[in-house]
Amino acid sequence: MSPEKKTLLTTAFEALGPERVTRGLKATGHSWRDCFLAVAIYGEPDALARQLEKRWRKEHFVGTLLDLRVHVVNEVVRAWDHDEGTFRTLALEWLELNRAAVVTQNAMIT
């Protein structure tokens, strides 16, 4: 995966936050009803799909929900659909780094 694609995915992970990234990794599907973003945002399959039923520009709607540019949402969808293993690895690495940063920040505060 190119550094540019990793940067876009990391941007999405940061917008989602650790809780939603963790939740999204429980996804098993590749449609708007059960993909990484659907489970990450709503915590369950089908909830995002119901929100998208009347929208023809799905990526725009999701981008607005997460305050992300459409090309970032497109990269998440593309990576999840075409390179799920690498996507999962990158997400887990991001979670580990993010948790380490939170622990360090909390230790400095106390």
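If the segment from D46 to L92 were pulled out straight at 0.36 nm per residue, it would be longer than the present Cα-Cα gap by 14.1 nm. Secondary-structure-derived ellipticity at 222 nm for the chain, considering helices only, amounts to -24500 deg cm²/dmol, per-run term -39500 (n - 2.57) for DSSP H runs with n ≥ 4. Taking a ≥ b ≥ c as the square roots of the eigenvalues of the alpha-carbon gyration tensor, region 41-94 is classed prolate because a/c is 1.5 or more and a/b outweighs b/c. Listed options for P(r) over Cα pairs in 5 Å bins from 0, in percent are [x] 2, 13, 22, 25, 18, 9, 6, 3, 1, 0; [y] 2, 9, 12, 13, 10, 7, 6, 5, 5, 4, 5, 4, 4, 4, 3, 3, 2, 2, 1, 0, 0; [z] 2, 12, 21, 25, 22, 11, 5, 2, 1, 0. The value calculated from this structure is the one marked [x].
Since only Q51, V70, L90 are under comparison, the one whose Cα sits farthest along the positive direction of the charge dipole of the chain, derived from C-beta charges on Lys, Arg, Asp and Glu, is Q51.
Here the Gaussian network model covers the chain, with springs between Cα atoms less than 10 Å apart; of L97, L48, L66, L97 fluctuates the most.
Taking E93, E14, E59 in turn, the Gaussian network model of the chain (Cα-Cα springs below 10 Å) assigns the largest fluctuation to E93.
Here the dipole of region 1-77 is about 160 debye; that uses its Cα centre as origin and unit charges on the Cβ of Lys and Arg (positive) and Asp and Glu (negative). Note on exposure: L68, L9 ranked by accessible area (1.4 Å probe, complete protein assembly) read L68, L9, with the most exposed listed first.
The values are calculated or read from the model by the stated rules, or taken from the named source; none is laboratory data. Quick caveat, the model's predicted, so the values are computed rather than measured. Please note: Cβ atoms are built from the backbone with ideal geometry, for glycine as well, and neighbour counts cover all protein chains shown. Heavy atoms of the whole protein, side chains included, go into the accessibility calculation; ligands, DNA and RNA do not. Shrake-Rupley method; radii C 1.70, N 1.55, O 1.52, S 1.80 Å.
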